[in-house]
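A.B. asks: Please find one structure pasted underneath; my questions will follow.
The values are calculated or read from the model by the stated rules, or taken from the named source; none is laboratory data. Since the model is a prediction, treat every value here as computed from it, not as a measurement. Cβ atoms come from the backbone with ideal geometry, glycine included; neighbour counts cover every protein chain shown.
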Amino acid sequence: MPSALQTLRRVFGFDSFRGAQAEIIGHVVAGGDALVLMPTGGGKSLCYQLPALLRPGMAVVVSPLIALMQDQVAALQQAGVRAAFLNSTLDAATAAEIERQLREGQLDLIYVAPERLLNPRFLALLDFLATRQGIALFAIDEAHCVSQWGHDFRPEYIQLAVLHQRWPDVPRIALTATADTLTRREIVERLGLDAARVFVSSFDRPNIRYSVVERDNPRRQLLDFLSAHRGEAGIVYCLSRRKVDETADWLREQGIAALPYHAGLDAANRQQHQQRFQREDGVVMVATIAFGMGIDKPDVRFVAHLDLPKSLEAYYQETGRAGRDGEPAEAWMTYGLNDVVVHRGRIEESTAGEDQKRIERGKLDALLAWCETMHCRRRSLLSYFGEESGPCGNCDTCLEPPVAWDGTIAAQKAMSAALRTGQRFGAGHLIDILRGKLTDKVQMFRHQQLPTFAAGAELDEADWRSVFRQLLATGLLCADVEAHGALRLTDAARPVLKGEQSLRLRRRRPAGRGHGKESAPATRRDSLQTALDDSSQALFELLRQWRAETARSQGVPAYVILHDRSLRELALRRPLNRDELLEIPGIGAAKVDRYAEALLALMP
């Protein structure tokens with residue numbers, strides 16, 4: 001039997017494993033169960049694809065997303081692996097043909113949705129295969145879908161414990177990029193993985209630059225940010241469908257190839273937009289969180305949030321769709337006072353039980369604290385997932401360290417204004433009181449006698465919004481949903497209000513800083529093309545054109561043919577024969593057989 005490293009080189013065109021891949025693969029090949037927590041872009045798929053090729057029998061991969069399984073199967077077929085998928089997109093004749101191939105042992109991997117897997121007819125087919133050529137392994141991808149607390153919950157995933165009950169000798173590998181302890185525990189309990197070895201990789205994505213800017217003029221801020229990413233693929237997340245549609249329309253008016261994606265679009269439109277994003281260069285997808293899970297596009301250069309996500313787990317997962325190729329990418333977000341009120345309102349108004357609401361409140365608090373941190377964002381993010389690190393030097397707080405100030409008196413004024421007005425008003429009205437700028441004559445008459453009226457004239461409106469936002473983020477104030485977002489003091493506010501405890505706040509950045517232009521990372525070309533002289537650059541573009549045409553003719557995404565990194569190596573090394581082609585990362589034997597003639601013909 002060939003070794004894992006030999007198979008990696010021959011099939012996938014790589015000379016070495018990354019991180020814990022070799023250890024995971026060896027464990028599964030030997031028949032052990034595994035739970036693999038690895039960041040997006042960390043190489044999870046190889047952890048079950050290689051054991052599938054090295055163990056006898058056929059591997060079954062459970063995947064919740066049609067687009068993901070289709071792209072992964074296309075990539076495996078390009079590498080010469082006998083892979084197929086069974087899902088609702090296939091007509092009856094095609095599905096019957098794939099089932100015939102299964103019965104006759106003509107496939108190495110089969111990708112199925114959990115609903116299909118749990119169908120009695122398919123379970124019976126697996127029984128048949130187990131007694132014939134055998135089942136190599138079960139891979140449960142996106143295993144966090146088993147978590148009832150998560151927004152990607154799939155009830156069918158809970159029933160996947162049947163795999164161990166029905167075929168106890170077949171190894172299982174569950175994989176996820178979601179790292180929180182609660183989800184990890186649920187995966188183990190619900191899938192019966194108590195005896196599985198747990199592999200936790202570093203969740204650091206050092207190529208991603210994290211930036212959070214205070215919301216001022218979000219469209220202008222977004223456009224400033226996108227000016228550093230012209231012609232590059234990216235995702236812009238919005239909270240509502242309406243905002244998605246309006247933002248996509250506006251971006252197109254600015255000359256940016258933007259498409260909307262949300263559950264309110266019909267299935268045909270969603271599929272068309274997703275395919276364009278996957279298969280064309282430079283498309284920007286404006287989406288709700290309905291888009292992105294399982295997206296396998298490696299060259300997404302940015303993820304922008306125009307609204308606050310639900311939690312740090314959601315933020316990590318959504319931003320993890322950027323830079324899967326390891327090249328520089330950016331995660332950028334605008335954040336404002338209203339985000340806090342909206343998210344707290346959604347939690348309180350939901351029909352969830354009190355236990356779940358408590359968990360969701362805690363997650364939101366952790367996200368708000370991260371937004372307002374004065375320390376390294378990457379370090380804070382990794383710490384949340386239980387991983388320690390030093391300052392990264394590649395986030396906004398490292399590159400432009402925030403200035404802290406003694407905000408005790410300002411906080412006392414803000415809380416006093418809320419208290420003296422009966423805790424019945426939101427931040428906007430309280431700021432008007434503090435600045436002595438009430439426009440409503442009746443309200444002015446009622447409130448201008450308060451000690452806090454005009455007591456905060458030393459700060460402008462934006463500064464006061466920053467103060468109130470931080471008081472909400474630190475839990476000294478809370479928004480009363482039933483009172484339309486009225487701000488109320490919490491028990492934690494008492495020591496500060498009485499002067500028994502001081503409070504350090506983050507000073508707001510002056511307008512015009514941190515709004516996109518200054519915080520943008522080095523452009524992709526700085527990273528990808530510094531090693532390419534003019535002739536190599538011309539060859540790289542020629543190779544990209546060939547790849548696009550080849551992908552179009554085969555109806556697959558361009559990266560399924562070859563990644564940018566492989567094209568760049570081709571442009572640099574300029575191989576002259578098949579053996580030299582095999583030395584290019586990402587080019588295995590099957591791709592040499594398929595593309596050697598065309599690629600060598602392009603070499604000068």
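A.B. asks: Just to be sure, is V244 under 19 Å from D224 (Cα atoms) and touching a His at 6+ places or on another chain (Cβ under 7 Å)?
C.D. replies: Values: under 19 Å from D224 (Cα atoms): yes; touching a His at 6+ places or on another chain (Cβ under 7 Å): yes.
Here the answer is yes, as V244 does meet what is asked.
A.B. asks: Among (1) more than 27 Å from the chain's Cα centre (by Cα); (2) more than 17 Å from A52 (Cβ to Cβ), there is one condition L37 misses while meeting the rest; what is its number?
C.D. replies: (1)
A.B. asks: Anything in the range 1-36 that is closer than 17 Å to R324 by Cβ and either in a helix (DSSP H, G or I) or in contact with a Ser or Thr (Cβ under 7 Å, 6 or more places away or on another chain) (or both)? List them, or say none.
C.D. replies: F12, G19, Q21
A.B. asks: Would you check which residues across the range 546-599 are touching a residue at least 24 places away in the same chain (Cβ under 8 Å), within 25 Å of T7 (Cβ to Cβ) and of a type in the set (A, V, I, L, M) and list them?
C.D. replies: V556, V560, I561, L562, L567, L570, L582, I584, I587, A589, A590, L599, listed by residue number.
A.B. asks: Here is a check on your reading of the model: is V162 part of a helix (DSSP H, G or I) and not acidic (D, E)?
C.D. replies: yes
A.B. asks: Whether any residue in the range 37-58 is among the β-branched types (V, I, T) and either modelled with pLDDT of 95 or more or not in a loop (DSSP other than H, G, I, E, B) (or both) is what I want to check.
C.D. replies: Within the range 37-58, none of the residues are among the β-branched types (V, I, T) and either modelled with pLDDT of 95 or more or not in a loop (DSSP other than H, G, I, E, B) (or both).
A.B. asks: Then there's this: If we scan the range 65-87, do we find a residue that is under 22 Å from F203 (Cα atoms) and outside the structural domain of Q271 (by TED's automatic domain parsing)?
C.D. replies: So the first thing to find is which residues in the range 65-87 are under 22 Å from F203 (Cα atoms), and the list is 68.
From what's left, outside the structural domain of Q271 (by TED's automatic domain parsing): 68.
The answer is yes, given that some residue of the range 65-87 is under 22 Å from F203 (Cα atoms) and outside the structural domain of Q271 (by TED's automatic domain parsing).
A.B. asks: Also, quick follow-up: Counting only residues that are among the hydrophobic types (A, V, I, L, M, F, W, C), over 15 Å from Y315 (Cβ atoms) and touching a helix residue (DSSP H, G or I) at 6+ places or on another chain (Cβ under 9 Å), how many does the range 379-402 have? Reasoning before the result, please.
C.D. replies: From the range 379-402, those among the hydrophobic types (A, V, I, L, M, F, W, C) are 381-382, 385, 392, 395, 398-399; that's our starting set.
Keeping just the survivors that are over 15 Å from Y315 (Cβ atoms) gives 392, 398-399.
Narrowing further to those that are touching a helix residue (DSSP H, G or I) at 6+ places or on another chain (Cβ under 9 Å): 392, 398.
Here the count works out to 2.
A.B. asks: So is E330 charged (D, E, K, R), part of a strand (DSSP E or B) and within 19 Å of F203 (Cα to Cα) or not?
C.D. replies: Numbers: charged (D, E, K, R): yes; part of a strand (DSSP E or B): yes; within 19 Å of F203 (Cα to Cα): yes.
Criteria met by E330.
A.B. asks: If you go through the range 460-504 one residue at a time, how many are closer than 14 Å to G428 by Cα and assigned to a loop (DSSP other than H, G, I, E, B)?
C.D. replies: 3
A.B. asks: Let me ask something else about it. Can you tell me how many residues in the range 110-143 are hydrophobic (A, V, I, L, M, F, W, C) and in a helix (DSSP H, G or I)? So that I can check it myself, show each step before the final result.
C.D. replies: Quick first cut of the range 110-143, residues hydrophobic (A, V, I, L, M, F, W, C) only: 110, 112-113, 117-118, 122-126, 128-130, 135-140, 143.
Among the residues that remain, those that are also in a helix (DSSP H, G or I) are: 117, 122-126, 128-130, 143.
So the answer is 10.
A.B. asks: Continuing with the same structure: Determine which member of the set D396, D365 is of a type outside the set (K, R) and either over 29 Å from F203 (Cα atoms) or at pLDDT 90 or above (or both). Even if it seems obvious, please write down each step before you answer.
C.D. replies: Numbers: D365 fails: either over 29 Å from F203 (Cα atoms) or at pLDDT 90 or above (or both).
Being of a type outside the set (K, R) and either over 29 Å from F203 (Cα atoms) or at pLDDT 90 or above (or both) holds for just one of D396, D365, which is D396.
A.B. asks: Give me the pairs, please: first residue somewhere in the range 153-170 and within 15 Å of A196 (Cβ to Cβ), second residue anywhere and of a type outside the set (A, V, I, L, M), beta-carbon distance under 7 Å, and either six or more positions apart or on two chains.
C.D. replies: From the range 153-170, the pairs are L160/P114; A161/R190; A161/G192; L163/F138; L163/R172; H164/R172; H164/G192; V170/F138.
A.B. asks: So if I check each of Q49, Q70, which one is touching a helix residue (DSSP H, G or I) at 6+ places or on another chain (Cβ under 9 Å) and of a type outside the set (G, A, S)? Spell out the reasoning first.
C.D. replies: Numbers: Q70 fails: touching a helix residue (DSSP H, G or I) at 6+ places or on another chain (Cβ under 9 Å).
Q49 is the lone residue from the list that is touching a helix residue (DSSP H, G or I) at 6+ places or on another chain (Cβ under 9 Å) and of a type outside the set (G, A, S).
A.B. asks: I'd like to verify a number: residues in the range 272-292 that are under 25 Å from A314 (Cβ atoms) and either touching a residue at least 24 places away in the same chain (Cβ under 8 Å) or aromatic (F, W, Y) (or both), how many?
C.D. replies: Qualifying residue count, the range 272-292: 13.
A.B. asks: Looking for something touching a Phe, Trp or Tyr at 6+ places or on another chain (Cβ under 9 Å) and under 24 Å from E500 (Cα atoms) - is there at least one such residue anywhere in the range 439-456?
C.D. replies: yes
For every residue, the table says whether it meets (1) under 26 Å from the mean Cα position of the chain (by Cα); (2) buried (at least 17 other Cβ atoms within 10 Å of the Cβ); (3) more than 18 Å from A473 (Cα to Cα); (4) free of Cβ contacts under 8 Å to residues at least 40 places away in the same chain.
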{"position": "R361", "(1), (2), (3), (4)": "yes, no, no, yes"}
{"position": "T397", "(1), (2), (3), (4)": "yes, yes, no, yes"}
{"position": "I409", "(1), (2), (3), (4)": "no, no, no, yes"}
{"position": "R424", "(1), (2), (3), (4)": "no, no, yes, no"}
{"position": "I431", "(1), (2), (3), (4)": "no, yes, no, yes"}
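A.B. asks: Out of the residues in the range 254-280 that are under 26 Å from I561 (Cα atoms) and in contact with a Ser or Thr (Cβ under 8 Å, 6 or more places away or on another chain), state the one that is modelled with the highest pLDDT.
C.D. replies: A258
A.B. asks: Go through (1) touching a helix residue (DSSP H, G or I) at 6+ places or on another chain (Cβ under 9 Å); (2) surrounded by fewer than 22 Cβ atoms within 10 Å (Cβ to Cβ); (3) in a helix (DSSP H, G or I); (4) among the β-branched types (V, I, T) one by one and return the number of the condition V188 breaks.
C.D. replies: Answer for V188: the failing condition is (1).
A.B. asks: Something else about it: Do we find that V73 is part of a loop (DSSP other than H, G, I, E, B) and either among the aliphatic types (A, V, I, L, M) or in contact with a Leu (Cβ under 9 Å, 6 or more places away or on another chain) (or both) in this structure? Working first, answer last.
C.D. replies: Details: part of a loop (DSSP other than H, G, I, E, B): no; either among the aliphatic types (A, V, I, L, M) or in contact with a Leu (Cβ under 9 Å, 6 or more places away or on another chain) (or both): yes.
So V73 does not fit the description; no.
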